[in-house]
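The values are calculated or read from the model by the stated rules, or taken from the named source; none is laboratory data. Given the structure is predicted, the values throughout are model-derived calculations rather than measurements. Virtual Cβ from ideal backbone geometry, glycine too; neighbours counted across all protein chains shown. When the accessible area is computed, the model is the full protein with side chains, heavy atoms only, and any ligands, DNA or RNA have been set aside. Shrake-Rupley method; radii C 1.70, N 1.55, O 1.52, S 1.80 Å.
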Amino acid sequence: MDPRTTALIVVDVQNGFVNDRSQHAVPVVQRLVDSWTKAGAPLVFARFYNAPDSPYERFTGWTRLRSAEEQSIVADLAPYLPSAAAVIDKPTSSALTADCLQLIQRSGWTDLVICGIDTDSCVYDTAVSAYHAGYRPWLVTDACASTGGNAYHEAALLLAGRNLGRKQLVTTNEVLCRLTAATVEAA
């Protein structure tokens, strides 16, 4: 993972998505973000908002993630927001909005390390979108969680392994070892 061409995409680690089934991922994401930024590698945060009359409301009746408090990136990650290449606000599950895709292309990133909440929705959809757009997605398995619980998290990883390739599923330690090796090599 070359820190010049690889970006870390932190998907929806927001107050409204942190619950007793997903909160364990927050310190893992923080560790990854901290090491990533210390290496000088690019970082992007994605932040979901649920607009009135969204498909989420119309089709499923889900009306959460409307308040500023719910939409806020968790306090543990807030200090990293100023150093991010971007904070992408999105009304859909994938973080690869038109603005995000333009940023990726303009920056010359080829690989996207993806972590966050929910593994089975926004994280998975972002990874699949990256794959289809021609970017190599790396899904960080231990830096993801599902508000629905571990069964949903594991189901998403099963699908990701099949649809993106098992080698695209990595742990935080694997990412940091690769990042460190690439940083040392570039020096």
Taking placed amide H atoms and a strict 5 Å upper bound, the residues 5 or more places from Val74 or on another chain that come that close are Gln14, Asn15
Within the P(r) computed for region 1-51, what percentage of the Cα pairs occupies the region above 17 Å? 42 percent
Dividing the alpha-carbon Rg of region 82-172 by 2.2 N^0.38 Å yields what? 1.04
Only bridges whose two residues both fall in the chain count here: according to DSSP, what percent of them are antiparallel, nearest 5? 5 percent
With the dipole of the chain defined by +1 on each Lys or Arg Cβ and -1 on each Asp or Glu Cβ, the option from Ser72, Met1, Ala41 whose Cα lies farthest towards the positive pole is Met1
Taking only Cα atoms and a 10 Å spring cutoff, compute GNM fluctuations for the chain and point out the largest among Ala95, Ala130, Ala78. Ala78
Hey, could you pull the Cα Rg and Dmax for the chain, both in Å? 15.4, 53
Along the Cα→Cβ direction, 7 angstrom out, place labels at Asp2 and Glu69. What is the inter-label distance in nm? 4.6 nm
Lys and Arg at +1, Asp and Glu at -1: add these up for the other residues within a Cβ distance under 12 Å of Glu70 and post the number. +1
Distance from the Cα centre of region 135-177 to that of region 29-84, in angstrom? 18 Å
Which of Val170, Tyr152, Gly108 sits closest to the plus end of the dipole of region 96-187, meaning its Cα is farthest towards the positive end, when Lys and Arg get +1 and Asp and Glu get -1 on the C-beta? Gly108
Please compute the contact order of region 1-81 in relative form: average sequence separation of alpha-carbon pairs under 8 Å and at least six residues apart, divided by the residue count, as a percent. 43 percent
Provide Thr171, Thr180 ordered by accessible surface of protein heavy atoms (probe 1.4 Å), highest first. Thr180, Thr171
Sequence-separation-based contact order of region 1-146, relative, with Cα cut under 8 Å and 6+ spacing, percent: 34 percent
Tell me the label-point distance for the pair Asp34, Val87, using the 7 Å Cα-to-Cβ offset, in nm and rounded to one decimal. 2.1 nm
Extension gain from Arg166 to Ala98, taking 0.36 nm per residue of separation minus the Cα-Cα distance: 21.7 nm
What are the ³J(HN,Hα) values, in whole Hz, obtained from phi via the Karplus relation 6.51 cos²θ - 1.76 cosθ + 1.60 with θ = phi - 60°, for each residue of region 82-91 in sequence order, with x given for Gly and Pro? x, 8, 6, 5, 6, 10, 9, 8, 9, x
Charges only on Cβ, +1 for Lys and Arg, -1 for Asp and Glu: so what's the dipole of region 100-177 about the Cα centre, in debye to the nearest 20? 300 debye
Name the residue farthest towards the positive end of the dipole of the chain from the options Tyr135, Cys122, Gln23, assuming +1 on Cβ of Lys and Arg, -1 on Cβ of Asp and Glu, about the Cα centre. Tyr135
Toy charge model, Lys and Arg Cβ at +1, Asp and Glu Cβ at -1: the chain dipole around Cα centroid in debye, rounded to 20, equals 380 debye
Which three extents, in angstrom, do the Cα atoms of region 117-159 have along their principal axes, listed largest first? 30, 16, 15
Counting Lys +1, Arg +1, Asp -1, Glu -1, what net charge surrounds Val13 among other residues with beta carbon under 13 Å of its beta carbon? -2
